[in-house]
Amino acid sequence: MSTANSSSEINGIAQIAVNVHDVKRAIEFYRDKLGLRFLFEIQNAAFFDCGGIRVMLSLPEKPEFDRPASLIYYNVADIHAMYELLLSRGVRFGDKPHIVAQLDNADLWLVAFRDADDNLLALMSQVPRK
């Protein structure tokens with residue numbers, strides 16, 4: 001086990017890359033529909049902040065990189081309210097929020113949706129039981 005100050009320790013996620021085919025359309029989706037904070041844009045890429053993790057939307061650099069993104073789970077406090085908000089903004093969901101696991105003192109809720117490039121994403125919320 002490494003120490004907390006070890007320079008060789010992975011200590012979080014710095015950035016998540018999402019392949020897109022139209023950077024301008026992707027910016028509109030992630031900024032205007034999801035509400036992520038836009039940071040900056042460079043040629044063929046745009047960057048957003050999501051709770052301290054940078055999300056990079058970029059054109060695939062090579063044909064072998066042109067595939068759907070890894071599934072990203074966005075943590076939200078109120079999954080039902082966020083679902084309704086995103087639905088009102090035209091986000092395409094595959095289903096409604098539902099419980100996927102009952103933990104000791106909370107229920108884990110998920111709902112999947114698609115971005116403008118058809119990448120599969122999800123909202124996740126751990127809701128304490130009363």
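Of all residues in the stretch 51-71, which are touching a residue at least 24 places away in the same chain (Cβ under 8 Å) and outside any loop (DSSP other than H, G, I, E, B)?
Answer for the stretch 51-71, where residues must be touching a residue at least 24 places away in the same chain (Cβ under 8 Å) and outside any loop (DSSP other than H, G, I, E, B): 53, 54, 55, 56, 57, 58, 65.
Would you call residue 81 assigned to a strand (DSSP E or B) and out of contact with any Ser or Thr (no Cβ under 6 Å at 6 or more places or on another chain)?
Working: assigned to a strand (DSSP E or B): no; out of contact with any Ser or Thr (no Cβ under 6 Å at 6 or more places or on another chain): yes.
Criteria not met by residue 81.
Please determine, by comparing only the residues of the stretch 55-88 that are among the charged types (D, E, K, R) and closer than 28 Å to residue 43 by Cβ, which one is nearest to the chain's Cα centre (by Cα).
Residue satisfying both the conditions and the ranking: 67.
So which residues in the stretch 72-130 are among the acidic types (Asp, Glu), in contact (Cβ under 8 Å) with a residue 24 or more places away in the chain and exposed (fewer than 15 other Cβ atoms within 10 Å of the Cβ), if there are any at all?
78, 118
Filter the stretch 10-40 down to the residues that are free of Cβ contacts under 8 Å to residues at least 24 places away in the same chain and either of a type in the set (Lys, Arg) or surrounded by 14 or more Cβ atoms within 10 Å (Cβ to Cβ) (or both) and list them by number.
Correct list: 24, 31, 36, 37.
Looking at the stretch 104-130, which of its residues are over 16 Å from residue 34 (Cα atoms), in contact with a Pro (Cβ under 7 Å, 6 or more places away or on another chain) and part of a loop (DSSP other than H, G, I, E, B)?
105
Could you identify the single residue in 101, 46 that is part of a strand (DSSP E or B), modelled with pLDDT under 90 and either more than 11 Å from the chain's Cα centre (by Cα) or basic (Lys, Arg) (or both)?
Of 101, 46, the one residue that is part of a strand (DSSP E or B), modelled with pLDDT under 90 and either more than 11 Å from the chain's Cα centre (by Cα) or basic (Lys, Arg) (or both) is 101.
The values are calculated or read from the model by the stated rules, or taken from the named source; none is laboratory data. Everything numeric in this text was worked out from a predicted model, so none of it was measured. All Cβ positions, even for glycine, are placed from backbone atoms using ideal geometry, and neighbour counts span all protein chains on display.
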